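Take a look at the structure set out below.
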Amino acid sequence: MSQSTPLRARAEIDLAALRANVRALRGRAPRAALMAVVKSDAYGHGMVPCAKAALEAGASWLGTATPQEALALRAAGIDARILCWLWTPGDPWREGIEADLDMSVSGLWALTEVTAAAREAGRPARIQLKADTGLGRNGCQPADWPELVAAALAAEAEGTVKVTGLWSHFACADEPGHPSIAAQLDVFREMLAYAEKEGIEPEVRHIANSPATLTLPEAHFDLVRTGIAMYGISPSPELGTHEELGLWPVMTLAASVALVKRVPAGHGVSYGHHYVTAGETTLGLIPLGYADGIPRHASGRGPVLVGGEWHRIAGRVAMDQFVVDLGGKKVQEGAEALLFGPGRRGEPTAEDWAEAAGTIAYEIVTRIGTRVPRVYLNEYSDE
């Protein structure tokens, strides 16, 4: 996109980079199928375009958290396999069945609701049983696993469900060598063995998220689920930078400088005057704020590339804008301010913003709001 494009701000989404990341991740797990996780609007990148690009690059499954996300993919004409895992009582089970979703079941209440919906729909539901192997969130505890497996087998015999998968999720795969990793793998294998001994015949068994896909081949089983890595962001600094992992960030966040002005020494900047100019200087106004997803915790620290140089946020991030002290830099209104991107032009990365805000890069990209238009680059594959 040209720097002269008249947009207040924009998030450029490079779908060629996403496709390349998917191919690179498939290379890390060559014997497993790949699920492209597109929950939370594809981590802020745009669910439908990213899902289509991932499928073009060889993903064979899509993953969402909520059923509404999964149903939106179907409404967009996407007919790939979709696993949806965050169900609550009263959710649209029947719609999920009729949309051919694979639906995660972590307890008897969910199995009861999905079998009732299957009877109403007059067709079996595809379900995957989730095991809590140590994360302590969703999933069935080992002590309750025999009861859930028995109930699922009874529902299969009745013809109301088909168990298509057995799965779990790591707690600390982004911390190489953490003792919970091996412990969870052991529990997962035990729970798999029990379910299969009792008669469950899963199509896929899976536990590997992005960090496990990158570092734990023994955890790949039949399917790997790639989320943040697909968008070109390292799951954690301990695993290496995105360059070291062979990934390229997909999102570039940019804005047009809205105002440039000279101010005298001792001039307060933004709410609370937490920044006061040391001398006469030039301030640049960037029209993005915490309503757009810019973290207020990055006040005074968030980096921005303006005029070929890094500048830090001066003072507090406000709802719609923040200020940078340009010093003696000559910048015109309308100049491009790059908040983060791949780093190829010297701009900060999402990891730099995560460090500035005391958070993780997942949050930086996911929180960019809908007021920032997504501009898709390389929408059509050259393959």
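The values are calculated or read from the model by the stated rules, or taken from the named source; none is laboratory data. Quantities reported herein were computed from a predicted structural model and do not represent experimental measurements. Cβ placement follows ideal geometry from the backbone for every residue including glycine, while neighbour counts extend to all protein chains displayed. When the accessible area is computed, the model is the full protein with side chains, heavy atoms only, and any ligands, DNA or RNA have been set aside. Shrake-Rupley method; radii C 1.70, N 1.55, O 1.52, S 1.80 Å.
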Plugging the Cβ-Cβ distance of residue 376 and residue 241 into 1/(1 + (r/R0)^6) at R0 = 30 Å yields, to the nearest 0.05, a FRET efficiency of 0.75
Full extension between residue 222 and residue 274 adds, at 0.36 nm per residue less the Cα distance, a length in nm of 13.4 nm
Once the in-chain neighbours fewer than 8 apart are removed, the lysines whose Cα is under 20 Å from residue 197 read 130, 162
Taking a straight Cα-to-Cα line shorter than 21 Å from residue 261, and setting aside same-chain lysines fewer than 8 residues away, one finds 329, 330
Straight-line reach check, residue 52, cutoff 26 Å on alpha carbons, 8 or more apart in-chain or any other chain, hits among lysines -> 39
Subtracting the Cα-Cα distance of residue 23 and residue 359 from 0.36 nm times their residue separation yields 118.1 nm
Per-residue ellipticity at 222 nm attributable to helices in the chain (runs of n ≥ 4 DSSP H, -39500 (n - 2.57) apiece, nearest 500 deg cm²/dmol) works out to -8500 deg cm²/dmol
With all protein chains in place and a 1.4 Å probe, residue 81 shows an accessible area in Å² (nearest 10) of 60 Å²
Note: residue 189 to residue 150 extended length (0.36 nm per residue) minus current alpha-carbon separation gives 12.2 nm
The answer for the chain, accessible area per residue at 1.4 Å probe in Å², is 41 Å²
The whole-number value in µm²/s of the Stokes-Einstein translational diffusion coefficient for the chain, with Rh from the Kirkwood sum over alpha carbon pairs at 4 °C and 1.567 mPa s, is 58 µm²/s
Stokes-Einstein D for region 298-383 (20 °C, 1.002 mPa s, Kirkwood Rh from Cα pairs), in µm²/s, comes to 150 µm²/s
Rounded to the nearest 10, the angle in degrees between the Cα long axis of helix 47-56 and the longest principal axis of the Cα atoms of the chain comes to 70 degrees
Excluding ligands, DNA and RNA, the carbon-plus-sulfur percentage of the accessible area of region 1-155 with a 1.4 Å probe reads 52 percent
Against the 2.2 N^0.38 Å rule of thumb, the C-alpha Rg of region 267-329 sits at a ratio of 1.02
Carbon and sulfur atoms account, in whole percent of the 1.4 Å probe accessible area of region 238-353, for 51 percent
Between residue 66 and residue 310, the FRET efficiency computed from the C-beta separation at R0 = 35 Å comes out, to the nearest 0.05, as 0.40
On the formula 1/(1 + (r/R0)^6), with r taken between the Cβ atoms of residue 137 and residue 285 and R0 of 45 Å, the FRET efficiency rounded to 0.05 is 0.60
